[in-house]
1. Could you check region 491-512 and list, in sequence order, the residues that are under 21 Å from Leu471 (Cα atoms) and surrounded by 13 or more Cβ atoms within 10 Å (Cβ to Cβ)?
2. For region 515-543, give me each residue that is more than 27 Å from the chain's Cα centre (by Cα) and buried (at least 20 other Cβ atoms within 10 Å of the Cβ).
3. Could we say that Ile136 is within 17 Å of Tyr108 (Cα to Cα), modelled with pLDDT of 95 or more and β-branched (Val, Ile, Thr) here?
4. Of these, Leu219, Leu246, Leu185, Leu160, which one is without any contact (Cβ under 8 Å) to a residue 24 or more places away in the chain and not polar (S, T, N, Q)?
5. Based on this model, can you work out whether Asp250 counts as under 23 Å from Tyr539 (Cβ atoms) and either small (Gly, Ala, Ser) or at pLDDT below 95 (or both)?
6. I'd like the full set of residues that are surrounded by fewer than 19 Cβ atoms within 10 Å (Cβ to Cβ) and among the small types (Gly, Ala, Ser), limited to region 271-302.
7. Just the residues that are surrounded by fewer than 20 Cβ atoms within 10 Å (Cβ to Cβ) and either in contact with a strand residue (DSSP E or B) (Cβ under 7 Å, 6 or more places away or on another chain) or among the hydroxyl-bearing types (Ser, Thr, Tyr) (or both), please, taken from region 324-340.
Amino acid sequence: MEKSQQYLADVLGETWQDEYYIWDCCAGTGNLLNGLTNYDRVWASTLDKQDVDVMMDRIANGWKMAENHVFQFDFLNDDFSKCPEELQEILNDPEKRKKLVVYINPPYAEAGTGTGRSKSGVTNTNKIYEKYKDIIGKASKELYALFFIRIFKEINGCILGEFSKIKVFQASNFQDFRREFNAKLEKLFIVPGNTFDNVKGEFPIGFFVWNTNETSEKLNCQAHVFDADGNELESKTIITETENTLKINDWLKKQKTTSSETVGVLMADAPDFANQKYVCIINEKTNRHGIFVSIDKNNLIQISIYLAVRQCIEATWLNDRDQFLYPNDGWKDDKEFQTDCLIFTLFHGQNRISVVNCVPQLGNTALPSAGTQMPTVNHWIPFTREQVGCRKTFKSTFMADYLSGKIKTENSTGKLFDFQKDIIQHELPKMNHELSEIGIDENSCENNGNTCNRIIDCMSPEAQAVYDAGLALWRYYHSQPNAIADASFYDIRLHFQGTNDKGTMNAKSDDETYTELISDLREKMKLLAKRIEAKVYEYGFLK
């Protein structure tokens, strides 16, 4: 709270509390107002009579707030005529409103029906909702958006200092709101949401200082960032979504296939980090909500790019609402990036392909519904039977064939990848390898020496390291007496880690060799993720 008051001082001047009036119109028990110095110019109103009583008790015990400046008021229903006369004079005078700071930490609850995120007991039947719902659209379901639009429309000219989520910049549901609420943003800082009482989510909450007397388009802005201990971190650029902003899911729509020869399904969700855990590869479409795209040989690379881009950067409180965007075309010619993403997808924990009679878990949610028999064909084994030492044949060799260039894709010249030979020769010296050292025969570059069509021969060092670590894991699994020939990456982890009484895979295994192998694989995956991350920004998936 102290930092927010300092930010107001930075915008309004150090003597702002003696020159401006302050109204907290959703004060609760008045905690936001602690630390102010001139309570004769401060008003506090709240919806509940019980909260008014608490503030009166605080005054009786030494709080310097004036009793006649504390009152019960329903900001989303009541007329301003119910405010104290002195405050009414300010609200009714355009010049005095310029000296009013509406200083609030409004409720973040989402009202209404039709979404699992709606808070029980919160309704959108208030007068402000009815008055402004048609002009601010879906944002009208957010209570704090209703506070803001009334302030902007009916107390125009004031300074609004408010704590809220940063949806006002980033959320698709706030596009209509952004057109109407076009106050000028003077300053902003963001902190972890769970530093506030009764807030459990790991997402950013910002303190915004808006000047409603001036208008401005909400362009990309710089926010100061503080951690839970108040330490200042690097500033963050917040990207403003517009009606013309295309997201990664718009790009994904173009990657759909109509083929009946599918090898799995991508499940996706909203294009932000908050929904990262719902992006995975599964055997078949489930009855969950979400986006489902069937995978075949012709869109495997694009689907792998989608999953890798969504998963290579860890979700944190700070990037929680960052939006993944429609990329530029740079990825199309970057065959090494494509390969990196494919290898990353094959060995990532969100590859939930399974052939055993089990229920792959996604957070606290089972995929598919409990009791469902999983299909028994696994098309995602990246190795041959000989490589892993399996004594039985695989029901599908699709992925190993794909990696070795045996499977040709449509809309190509017969080669899986069109690596230019001079690109290979240019990149390899930087890897400190000769062609022969990683198994590439210069004579295998076909089409008059211009192309190379074996993915396994054209991996980056980081991807190769992941592939080798994965191979070691597969070999160890197939040395077990009860190994299943067609086991997937998920099945192998499940074999060694087991499940708890709720059917969720355990985080650890008692098998020391497996623990060492999976740890090595995960470390190699981190290095590959960092390599992919750089391209995520280069190709515009994130900004």
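1. Across region 491-512, the qualifying residues are Asp491, Ile492, Arg493, Leu494, His495, Phe496, Gln497, Ser509, Asp511.
2. Once the filter is applied, which keeps residues that are more than 27 Å from the chain's Cα centre (by Cα) and buried (at least 20 other Cβ atoms within 10 Å of the Cβ), region 515-543 yields only Leu517.
3. Judged against the criteria, Ile136 is a match.
4. It is Leu219.
5. No, not satisfied.
6. Ala274, Gly290
7. Tyr326
To keep it simple, each residue is scored yes or no on (1) under 27 Å from Ile159 (Cα atoms); (2) in a strand (DSSP E or B).
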position	(1), (2)
Val209	yes, yes
His224	yes, yes
Thr237	yes, yes
Thr240	yes, no
Asn244	no, no
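The values are calculated or read from the model by the stated rules, or taken from the named source; none is laboratory data. Everything quoted here is computed from the prediction, not taken from an experiment. Cβ coordinates were reconstructed from backbone atoms using ideal geometry, including for glycine residues, and neighbour counts include every protein chain displayed.
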